[in-house]
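Report on the following structure.
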4 protein chains.
Amino acid sequence: MTEPDISTDLNDYGFSTEIRVRLSETDAVGIVFFGSFASYFDVGRMDYLAHLNLDRFDGQIRDLIPGAVVHQQVRFKAPSHYNDILVMHVRISNIGKTSYTFNFLVNNKRDRRLVATGTMTMVWLNDTFDPVRVPDEFRAVVSTFEAFDD
Amino acid sequence: MTEPDISTDLNDYGFSTEIRVRLSETDAVGIVFFGSFASYFDVGRMDYLAHLNLDRFDGQIRDLIPGAVVHQQVRFKAPSHYNDILVMHVRISNIGKTSYTFNFLVNNKRDRRLVATGTMTMVWLNDTFDPVRVPDEFRAVVSTFEAFDD
Amino acid sequence: MTEPDISTDLNDYGFSTEIRVRLSETDAVGIVFFGSFASYFDVGRMDYLAHLNLDRFDGQIRDLIPGAVVHQQVRFKAPSHYNDILVMHVRISNIGKTSYTFNFLVNNKRDRRLVATGTMTMVWLNDTFDPVRVPDEFRAVVSTFEAFDD
Amino acid sequence: MTEPDISTDLNDYGFSTEIRVRLSETDAVGIVFFGSFASYFDVGRMDYLAHLNLDRFDGQIRDLIPGAVVHQQVRFKAPSHYNDILVMHVRISNIGKTSYTFNFLVNNKRDRRLVATGTMTMVWLNDTFDPVRVPDEFRAVVSTFEAFDD
């Protein structure tokens, strides 16, 4: 089984955002449906970009698609429940030529318990849906925030 | 980036089921929201178990939880759209002591194009949510269907 | 409380389609989340139009929006559960100048119990999102199928 | 067509909460999927109850179901989009013997435009799922907050 290399050290995460679990996101087992985490991660992505003033790379959905998700994974550590507040720690762990990868670390706010870890990899696309180089401005802002070595 | 070891040879899949894309499963980018595949995979799991008459291991949601999802991943190969019919090929690729893993291969029915691959790993739990050995009956039925070597 | 005028006489419905309840559509109360019925109704709409070969009025999502939902309602009669098969009876109950209304009657396939009734009203829009007259061809096909008096 | 009697006077609403539109809640038409409003209303219900310290009537999902949704409706006034912030005004408009009804008024935060109105009626249930009288404490707290005439 493949294992993502995700840091569980909170010091590696410079940004976090909170999600409160909605009833629609739970299932008949009584816990959060595992698929709900994809939406949570997407909220983490959106909030992270807004935090770095990079959300103009997010807004023109119709005219320009800055990134398509090419891979996504979640590892579940503990169940969470209706009305729980989840603290989602977000970072971009690396930027390649045409793609970049988010890491997510999700804790339960009440007891600090680790709920899930995950990754989401996006590829930058032009108008004709061909992969293109991640723009320098995006690259520069993220690299500074994440303190990447160049 | 971690890479799942998923066979893309259709001969390795003894079961398939179809999903027609609903409007609610698409997003403003104009394609199927990437998180919708978690629900699709869960339908694949449900249908596969029913096909093998193993759905009694699926029905008593509250009294017995036969499995909790501990890992899930999707690799996206091509976008799909509203009203597309997706053919989801499903197999269990291995059964461990307390866990088992589904593989999914999703094609677009119209042009046979590969849309996504993915895995979902579940762990068997008892009433107190401790991992327990996958029952022999489940193990036997799946091993025969999948022609596992013992 | 407003009460929809929905026929519960199955003879008034010339079309039906089936939905099997997915785990993602249930909630922590153990039943189908009430909001899932909006997606079910939309499937009913899609299947009804396809049945009448009117789905070309449904497909060009980007280029032409044949209808926007302007009102939707559901009355819940009995809970339904994971893996239940719901039989959704669909009809168009009337076509106005620029709008038309679907009626839905949802039964549980196993015990025939009435699960929910509902309505969905759509308005026809042109490229600039102004309401326009429902096209004559759509009107004619539906009126014949539903045996409207003219 | 039935028409809900919902006040569009903001002075009638003593509570509001905000929702930011997620990508998963939009659809391929490019707007918020109409069915997403059911989840939004449920968030409004949850937040309203918490605001009045009535959320203990909300938490014990399995042991006590304080209410099942028996009717829900939405009237759509204007489309909303990914990343929009929706201001949802919530009130309970009346409490009957065994049921009570929420009203929702949803505006777009940016331009104040009316996006949707809606209602949700819940019935109080005991352990055997029979309707029972809405508890006096719930009734008293809401009546005071909403300034009902007795």
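Counting the residues of segment A:107-136 that are under 18 Å from the mean Cα position of the chain (by Cα) and part of a strand (DSSP E or B) gives 12. So, D:SER93, is that one farther than 18 Å from D:SER39 by Cα, under 18 Å from the mean Cα position of the chain (by Cα), in a helix (DSSP H, G or I) and of a type in the set (Gly, Ala, Ser) or not? So D:SER93 does not fit the description; no. Within segment C:5-14, identify whether any single residue is surrounded by fewer than 21 Cβ atoms within 10 Å (Cβ to Cβ), at pLDDT below 95 and facing another protein chain (nearest Cβ under 7 Å), and answer yes or no. No, segment C:5-14 contains no residue that is surrounded by fewer than 21 Cβ atoms within 10 Å (Cβ to Cβ), at pLDDT below 95 and facing another protein chain (nearest Cβ under 7 Å). Among the residues of segment C:97-131, how many are loosely packed, with under 14 Cβ neighbours inside 10 Å and more than 30 Å from D:SER99 (Cα to Cα)? Residues flagged as loosely packed, with under 14 Cβ neighbours inside 10 Å and more than 30 Å from D:SER99 (Cα to Cα) within segment C:97-131 amount to 6.
Each row is one residue, and each column tells you yes or no for (1) in contact with a helix residue (DSSP H, G or I) (Cβ under 8 Å, 6 or more places away or on another chain); (2) at pLDDT 95 or above; (3) surrounded by fewer than 21 Cβ atoms within 10 Å (Cβ to Cβ).
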| residue | (1), (2), (3) |
| --- | --- |
| D:GLY35 | yes, yes, no |
| D:ALA38 | yes, yes, no |
| D:ALA50 | yes, no, yes |
| D:ASP58 | yes, no, yes |
| D:ILE61 | no, no, yes |
| D:ALA68 | no, no, yes |
| D:GLN72 | yes, yes, no |
| D:PRO79 | no, no, yes |
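Name every residue in segment C:75-102 that is closer than 21 Å to C:VAL21 by Cβ, of a type outside the set (Phe, Trp, Tyr) and away from chain A (no Cβ under 14 Å), in order of residue number. Answer for segment C:75-102, where residues must be closer than 21 Å to C:VAL21 by Cβ, of a type outside the set (Phe, Trp, Tyr) and away from chain A (no Cβ under 14 Å): C:ARG75, C:LYS77, C:ALA78, C:ILE85, C:LEU86, C:VAL87, C:MET88, C:HIS89, C:VAL90.
The residues of segment A:78-90 that are assigned to a loop (DSSP other than H, G, I, E, B) and not charged (D, E, K, R), listed by number, are A:ALA78, A:PRO79, A:SER80, A:HIS81, A:TYR82, A:ASN83.
For segment B:20-33, a residue qualifies if it is more than 7 Å from every other protein chain (Cβ to nearest Cβ) and either crowded, with 24+ Cβ neighbours inside 10 Å or part of a helix (DSSP H, G or I) (or both), and the qualifying residues are B:GLU25, B:VAL32.
The values are calculated or read from the model by the stated rules, or taken from the named source; none is laboratory data. Treat the numbers as computed from the prediction; the structure is a model and nothing was measured. All Cβ positions, even for glycine, are placed from backbone atoms using ideal geometry, and neighbour counts span all protein chains on display.
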